[in-house]
Amino acid sequence: MKKTMGIALVLVLAIAYYGFGQTGAMPDGFVRINGGTFTMGSPANEPGRDSDEVQHQVTVSSFYMGKYEVTQKEYREVMGTNPSFLFKVDNLPVEGVSWYDAIEYCNKRSQKEGLTPAYTIDKSRKDPNNNSDEDDVKWDDVKWVVTWNRNANGYRLPMEAEWEYACRAGTTTAYNTGASITNNTGWIKDNRIFSTQEVGRKPANAWGLYDMHGNVCEWCWEWYAAYPSGAQTNPVGASSGAERVYRGGSWFNMAQHVRSATRISRRPTYGDSNLGFRVARNVQ
């Protein structure tokens, strides 16, 4: 009997290791977003639509997405600092972060947890693909060369297409809540709250993601550029540019600017009290 029980225990442990081990298990605080094909952008008759939201078909592979925006506590535990401008509370989303700050956070958190960093950051030279000095308003004096290892299992920023796919959660309406958004479904300027709020207080979307509309805007990987006209698979955007994309809108934005398709961009050094990020990881 003891021998039989011992064999059974070994089998259970083996299943746990191979079926739910670090490589294949979903990380804590994440949702698995199963890949699929969707229409990115917005229809011409959507209220508040901008001209850069041209609809096109996009296919994305499965990935993990953080349930919540990165909090100030999480950021401080990794980076040792809290750059938030106005609202310093542990469970509020970190804000005031530049795109470079978000990239460094991803790498340092990966290293802290024994994962392969997604990014190689070369601070010794200027990125020739960063065109921000062509316009004083978009000026960037950092210009690190950042390359992405797409096979790494570490933390990263979502691609713009991943972000919109995850935000929509199968919907085709202006918001993942339908044709409109209310005080009960997102932290936006219309709520008259005038500050960030603790992550996760509004209901999640159908795929279990919180605060995809409002609270803080969220950095994505891409340079801002016009969408391609044809169908795309796992698009990573333009190879050069002056500004990086962020999504989702914030507590500071009116409803039309937190739509699923809304695109905003700033120079990578930009930081403000309405701008944060959430992280993604590859499914291994």
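The values are calculated or read from the model by the stated rules, or taken from the named source; none is laboratory data. Only a predicted model underlies this, so the values are computations on that prediction, with no experimental measurement involved. Positions of Cβ are generated from backbone atoms using ideal geometry, with glycine treated the same way; all protein chains shown enter the neighbour counts.
Observations on the structure shown:
- Residue count for the range 186-223 satisfying the condition of being under 20 Å from residue 33 (Cβ atoms) and hydroxyl-bearing (Ser, Thr, Tyr): 1.
- Residues (surrounded by fewer than 19 Cβ atoms within 10 Å (Cβ to Cβ) and of a type in the set (Ser, Thr, Tyr)) located in the range 167-184: 171, 172, 173, 180, 182
- Of the residues making up the range 73-89, not a single one is closer than 20 Å to residue 172 by Cβ, surrounded by 15 or more Cβ atoms within 10 Å (Cβ to Cβ) and modelled with pLDDT of 95 or more.
- Screening residue 263 on (1) of a type outside the set (S, T, N, Q); (2) within 12 Å of the chain's Cα centre (by Cα); (3) more than 21 Å from residue 92 (Cα to Cα) shows it passes everything except condition (2).
- Just one of the listed residues (240, 229, 180) is touching a residue at least 40 places away in the same chain (Cβ under 8 Å), among the polar types (S, T, N, Q) and under 23 Å from residue 266 (Cβ atoms), and it is 240.
- Of all residues in the range 207-229, those being at pLDDT 95 or above and more than 11 Å from residue 278 (Cα to Cα) number 12.
- Within the range 56-109, the only residue that satisfies the criterion of being closer than 19 Å to residue 27 by Cβ and free of Cβ contacts under 8 Å to residues at least 12 places away in the same chain is 77.
- Some residue of the range 62-77 being of a type in the set (S, T, N, Q), assigned to a strand (DSSP E or B) and more than 28 Å from residue 195 (Cα to Cα): no
- Residue 51 free of Cβ contacts under 8 Å to residues at least 40 places away in the same chain, within 24 Å of residue 226 (Cα to Cα) and in a loop (DSSP other than H, G, I, E, B): yes
- Qualifying residue in the range 165-179 (condition: in a loop (DSSP other than H, G, I, E, B) and within 11 Å of residue 214 (Cα to Cα)): no
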